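Computed from the coordinates by the stated procedures, all read-outs in this text should not be read as laboratory data. Since this is a predicted model, take the numbers as computed values, not measurements. Note: ideal-geometry Cβ built from the backbone for every residue, glycine included; neighbour counts use all protein chains shown.
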Amino acid sequence: MTLTSLIAKALSIHLSVDPEEVTANLTTPPRPEMGDIALPCFRYAKVMRKAPQAIADELKAALDKERETSLKALYERIERIDTAGGYLNFFIRRDYYAKSVLRETLDAQDRPGATREGEGKNVIVEYSSPNIAKPFHVGHGFSTFLGEAIANLFEYGGYRVERFNHLGDYGTQFGKLIVAWRLWGDQAALDEAPIKELTRIYVKFHEEAEKRPELEDDARAAFSRLEQGGEEEYVLWETFRRVSLREFNTIYERVGIHFDNTNGESFYSPMIPDVVDALTKKNLLEESEGAQVVDLEAFGLNPCLILKSDGSTIYASRDIASILWRDKTYDFYKNVYVVGIPQKNHFNQVFAVMKRMGFPKADDCVHVAFGTVKFAEGALATRTGNVVLLEDLLNTSVAKTRALIEANNPDMDALTVDETAEKIGVGAVRYAYLRNSRERDIVFSWDEMLDFEGETAPYLLYTVTRCASLERKAPEEIVQKLEAVTDEQLSLLLSDHEQEVIREIERFEKSVALARDSFEPSIMVRQIMAIARAFNTFYHHTAVLKSGDEQLTVARLALSRAVGQTLKAGLRLMGISPVDRM
């Protein structure tokens, strides 16, 4: 039984509540001098009709009375119990804390903090989802890297994850593109640089449409013919899709992301008649100016458009069809959409329609919203041509990283420089997307992204290489003993700096769970940064290889190894590859 479980069980008896309720209320004090585990007694004041401080004092007295009998196992693991300000504070014995946390971490090897809570449950994570025939810009990077991190977090919890790339390969924009191609398309340019050419004619369409509004009508007609199976329109659509995917896959391969499903919007379009039938049978469809809508006034939302007046489908109708297909095919536990904040109303409407349809898993469909990506010139927009490609961002980061590596490692061979620069440069970009709360906008700063001392990927990666370097420099006989480190040796890690590192390592598992439950990878990211900060403070204040005591040296190397394992696990959850040297 864990220490937390022992504490919860002991307290539950005196509070007359379930141990699970006590466990949920236990907290971690903000400072070590306030204890390691605390129970706020405020919530019990009304029921017990006593002041929180009085409750804390009574609980302490009751537990102390049983320290030599029923709670002997508990008191073998804690140093003392104090009360302060309505809190009951438990101080864990440092030797027990060191050996229990580090043993668990070391035994977990490359998967510290992993669980099997999700076994037998399928989670669909939809992310990236670029639009066919449009550039893969830095805005897509937000969904791509955030979605991959969320998928990784669920896998780490034992869930079976299906990665979906819901391609934007349908809609009136394709009518615009078809019209634009017929008017201004250049086959030679398409063969040489497909996305560049398609972007050129797409931008030109919007420029010309301002002067010739009838082009919009032509585009709607072209899309309608595409939906009805027009052969010429289909051939053009399929060409645009094929050449776009080829360029997208180059990016995905570079960043190590692979999808299980790339069904685009077009895949679900044939299923819409069944959706319309289902809505009709439930008397949910209403006519509004020739269009078919579902009233959502009960949810405080505008009506959801299902079919336009010309019978064409829209995003909402295709998303409803996709939810039904996904549940039928995968029996999902969660259906997660990693899509920007501007689509919040759209998903609220879709999920509300699912509720009106009586779909039992409507609340298991989750919109994970995120902010925008900014540079000095402001937000990005395809229509105006003001686009910063993700590939250019990655290339710039790698180039700047290469220059730093070459300056610091003049003896490193060119191949190693290139491989290391690629990992660090791409990692720096990914970290910049994941470091803060996902709903915050990102403003890229090269000085911040590549700072080896700041809160960056290079700092984390450098800390990993520092841990590995300590083992490389250690005498062979010490390394051999490290492989069989004992609990007695781990119990020697009693100093403040050592205990602080151990405390941060212990918090990693909880940070992973919180990050997964809230679809917020930044919670885990901040925790591995806290581990790295604590370790580097320890490193600068503590002799690791020259401790003067062989047993202590082995223990400190074990601490270093636990840090390295945990940091690498966190980096992999972010999709960042560790490096051997920087």
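When only the Cβ of Lys, Arg, Asp and Glu is charged (+1, +1, -1, -1), the dipole of the chain relative to its Cα centre reaches about 1260 debye.
Close amide H pairs (under 5 Å, H built 1.01 Å from N) link Val368 with Tyr337, Val338, Val339, residues at least 5 positions away or on another chain.
Taking R0 as 41 Å, what FRET efficiency do you get between Leu514 and Glu216 from their Cβ-Cβ distance, rounded to the nearest 0.05?
Details: r = 47 Å, r/R0 = 1.16.
Efficiency computed from Cβ-Cβ geometry: 0.30.
The angle separating the long axis of helix 272-281 from the principal Cα axis of greatest extent in the chain is about 80 degrees. Look at the Cα gyration tensor of region 3-92: its axes a ≥ b ≥ c give a/c under 1.5, and that counts as rounded. List the aspartates and glutamates whose Cα sits under 13 Å from the Cα of Lys65, skipping any in the same chain fewer than 8 residues away. Of all the aspartates and glutamates, those that pass the test against Lys65 - Cα under 13 Å, at least 8 places apart if same chain - are Asp57. Look at the dipole of region 387-517 built from charges on Cβ: of Val501, Pro475, Val512, the Cα furthest out on the positive end belongs to Val512. Region 57-90 and region 311-325 have Cα centres separated by 59 Å.
With each run of n ≥ 4 DSSP H residues scored as -39500 (n - 2.57), what mean residue ellipticity at 222 nm is computed for the chain after dividing by its residue count and rounding to the nearest 500 deg cm²/dmol?
On the way: 25 runs with 334 residues, N = 582.
Mean residue ellipticity at 222 nm (helix-derived): -18500 deg cm²/dmol.
Remark: region 179-191, residue by residue, has Karplus-estimated 3J(HN,Hα) of 4, 4, 5, 5, 8, 9, x, 10, 4, 4, 5, 5, 5 Hz, where x stands for each Gly or Pro and the curve is 6.51 cos²θ - 1.76 cosθ + 1.60 at θ = phi - 60°. Packing around the peptides 164-175, 529-540, taken as the average count of other Cβ atoms within 10 Å per residue, puts them in this order, highest first: 164-175, 529-540. When a/c reaches 1.5 or more, the comparison of a/b and b/c decides; with that in mind, is region 444-537 rounded, prolate or oblate per its Cα gyration tensor? It comes out oblate by the Cα gyration axes. Taking every DSSP bridge with both residues inside the chain, close to 55 percent are antiparallel.
Taking a ≥ b ≥ c as the square roots of the Cα gyration tensor eigenvalues, with a/c under 1.5 meaning rounded and otherwise prolate when a/b beats b/c, else oblate, which class fits the chain?
Working: a/c = 2.92, a/b = 1.55, b/c = 1.89.
Cα axes put the chain in the oblate bin.
Shown is the FRET efficiency for Asp411 and Glu476, computed with R0 = 22 Å from the Cβ-Cβ distance and rounded to the nearest 0.05: 0.35.
In the chain, the longest principal axis of the Cα atoms and the axis of helix 231-255 are about 20 degrees apart. Rounded to the nearest 10 degrees, the inclination of helix 390-408 to the longest alpha-carbon principal axis of the chain is 40 degrees.
Could you tell me the calculated FRET efficiency between Glu289 and Lys344, based on Cβ-Cβ distance and R0 = 22 angstrom, to the nearest 0.05?
On the way: r = 25 Å, r/R0 = 1.13.
The formula returns an efficiency of 0.30 here.
Across the options Val255, Ser224, Thr83, the greatest Cα extent toward the positive end of the charge dipole of the chain (unit charges at beta carbon of Lys, Arg, Asp, Glu) belongs to Thr83. Modelled label positions at Ala45 and Arg246, each set 7 Å beyond Cα in the direction of Cβ, lie 7.0 nm from each other. Return the subset of Lys99/Lys473; Lys9/Lys46; Lys176/Lys328; Lys374/Lys400; Lys176/Lys361; Lys121/Lys308 for which the Cα-Cα distance in this structure is over 26 Å, preserving the input order. In this structure, Lys176/Lys328; Lys176/Lys361; Lys121/Lys308 exceed 26 Å between Cα atoms. For region 259-301 and region 449-467, what is the separation of their C-alpha centers, rounded to whole Å? Measuring centre to centre over Cα atoms gives 49 Å. Among Arg516, Arg67, the ranking by other beta carbons within 10 Å of each residue's beta carbon, starting with the fewest, stands as Arg67, Arg516.
Would you work out the charge dipole size for region 3-92 about its Cα centre, treating the Cβ of every Lys and Arg as +1 and the Cβ of every Asp and Glu as -1, and quote it to the nearest 20 debye? Intermediate results must be reported in sequence, preceding the final value.
On the way: 12 positive and 13 negative charges, 50 e Å.
Here region 3-92 has a charge dipole of around 240 debye.
Between the listed residues Ser12, Ile55, Leu26, the Cα displaced farthest toward the positive end of the dipole of region 3-92, a dipole computed from Cβ unit charges relative to the Cα centre, is found at Ile55.
Taken one residue at a time, the phi angles of region 468-477 give Karplus couplings (6.51, -1.76, 1.60, θ = phi - 60°) of 5, 5, 4, 5, 5, 7, 6, x, 4, 5 Hz. Gly and Pro are set to x. What the phi angles of region 209-215 give under the Karplus curve with 6.51, -1.76 and 1.60, with θ = phi - 60°, is a coupling list of 5, 5, 8, 10, x, 5, 4 Hz, glycine and proline written as x. The equivalent ellipsoid of region 267-372 has semi-axes of 21, 17, 14 Å, largest first, where each one is the square root of 5 times an eigenvalue of the Cα gyration tensor.
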